[in-house]
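A short write-up of the structure that comes next.
The values are calculated or read from the model by the stated rules, or taken from the named source; none is laboratory data. All of these numbers come straight from a predicted model, not from anything done at the bench. Cβ sites come from the backbone with ideal geometry, for glycine too, and all protein chains shown count toward neighbours.
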Amino acid sequence: MSEETPILMSRDPRGIVTATLNRPHRGNAYNEALLRSLITALEALREDPGLRALVLRGAGRHFAAGADIDWLAEVSEYPPERAYQASLATTRAMQLLNEFPRPTFAVIQGACFGGGAGLACCVDVALATPAALFGLTEVRVGVSPTPISTQMVQAMGLRHTRRYALTGERFGPAEALRIGLVHEVLPAEEIEARLAAILDETLLAAPGAIAVTKESFLGANGLLLDARQMALLAHEGWMQRASAEGREGLAAFRGKRRPAWYPG
């Protein structure tokens, strides 16, 4: 797989598209190029009448390790408007995936941290292997997961989201299953067969009925994001990232030390 292409796309004869996050050398941590590629792909696919389902994967050992820390260091030096646009890209990618009109799936192995967990919260069906590891870890580096906050609450409920988004604890697939972050945990050698079976069941459902059902579920419960809400979420995320805590958290992570706010 070429690491120069942030997302690899493939399509089978039935109209099932697989989008593979393709930065394995960085644990598929996202940067602006990956986010823009994901946005472009989702915007094009949502208008594709032949599309029946979308499967999201991560190349290599990990699904998605959140935001690329080197990219965050670059963003910290951006002028305000460009930094805000970088934050808005995360918000837009999550919104598009969450509100996608076709069934969406994620196959999760290895690290699923921060925005990676956000992606898992946005799909309709999330399958994980026993080796998967999860965490809403943004607060530990002094930033806030506001771009994915609404989708986390939708998927896990406010109670579980509050715990893990505020403590930054890591947790395994059994806990992810218990709190609703994933739907099934399967041995690595069985997960592809299970995915194929669910996809085959999904193909029995009418595409138009699926689109209406998804939009109804979100819309009737006030879970569709409008432009103003997205702008606010992106602004909150950018402001915290640009704060003294955000800069200290980034420096501590890169320096492999505890942040200044740790009292030990």
- Task: For the stretch 201-212, name all the residues that are under 30 Å from residue 133 (Cβ atoms) and either touching a strand residue (DSSP E or B) at 6+ places or on another chain (Cβ under 9 Å) or surrounded by 11 or more Cβ atoms within 10 Å (Cβ to Cβ) (or both).
- Result: 202
- Message: Is it the case, given these coordinates, that residue 56 is in contact with a Ser or Thr (Cβ under 8 Å, 6 or more places away or on another chain), buried (at least 20 other Cβ atoms within 10 Å of the Cβ) and not in a strand (DSSP E or B)?
- Response: no
- Can you tell which of 134, 113 is buried (at least 22 other Cβ atoms within 10 Å of the Cβ), modelled with pLDDT of 95 or more, in contact with a Cys (Cβ under 8 Å, 6 or more places away or on another chain) and at negative phi? 134
- Note on the structure: Exception for residue 106 within (1) buried (at least 24 other Cβ atoms within 10 Å of the Cβ); (2) assigned to a helix (DSSP H, G or I); (3) not hydroxyl-bearing (Ser, Thr, Tyr) falls at (2)
- Any residue in the stretch 141-159 that is at negative phi, touching a strand residue (DSSP E or B) at 6+ places or on another chain (Cβ under 8 Å) and of a type outside the set (Asp, Glu)? no
- Item | Residue match in the stretch 231-247 (condition: over 18 Å from residue 83 (Cβ atoms), free of Cβ contacts under 8 Å to residues at least 40 places away in the same chain and in a helix (DSSP H, G or I)) | no
- Message: So residue 50 ticks every box in (1) assigned to a helix (DSSP H, G or I); (2) touching a Gly at 6+ places or on another chain (Cβ under 8 Å); (3) closer than 26 Å to residue 196 by Cβ but one. Which box is left unticked?
- Response: (1)
- Message: Being touching a residue at least 24 places away in the same chain (Cβ under 8 Å) and farther than 30 Å from residue 130 by Cβ is the filter here; which residues of the stretch 213-227 pass it?
- Response: 215, 218, 223, 224, 225
- Note on the structure: Within the stretch 82-124, residues without any contact (Cβ under 8 Å) to a residue 40 or more places away in the chain and in contact with a strand residue (DSSP E or B) (Cβ under 8 Å, 6 or more places away or on another chain) come out as 122
- Can you tell me which residues in the stretch 116-131 are surrounded by fewer than 22 Cβ atoms within 10 Å (Cβ to Cβ) and either in a helix (DSSP H, G or I) or of a type in the set (Val, Ile, Thr) (or both)? 125, 129
- Message: Condition (residue is touching a residue at least 40 places away in the same chain (Cβ under 8 Å) and either under 17 Å from residue 56 (Cα atoms) or more than 18 Å from the chain's Cα centre (by Cα) (or both)) applied to the stretch 151-164: is it met by at least one residue?
- Response: yes
- Message: So if I check each of 61, 14, which one is of a type in the set (D, E, K, R), under 29 Å from residue 253 (Cα atoms), at pLDDT 95 or above and in a loop (DSSP other than H, G, I, E, B)?
- Response: 61
- Item | Among (1) part of a strand (DSSP E or B); (2) of a type outside the set (D, E, K, R); (3) in contact with a His (Cβ under 9 Å, 6 or more places away or on another chain), the one test that residue 84 misses | (1)
- Query: What number goes with the only condition from (1) of a type in the set (A, V, I, L, M, F, W, C); (2) part of a helix (DSSP H, G or I); (3) over 30 Å from residue 244 (Cα atoms) that residue 100 does not pass?
  - Reply: (2)
- Scanning for something among the β-branched types (Val, Ile, Thr), within 20 Å of residue 66 (Cα to Cα) and either in contact (Cβ under 8 Å) with a residue 24 or more places away in the chain or touching an Asp or Glu at 6+ places or on another chain (Cβ under 8 Å) (or both), does the stretch 173-195 turn up at least one residue? yes
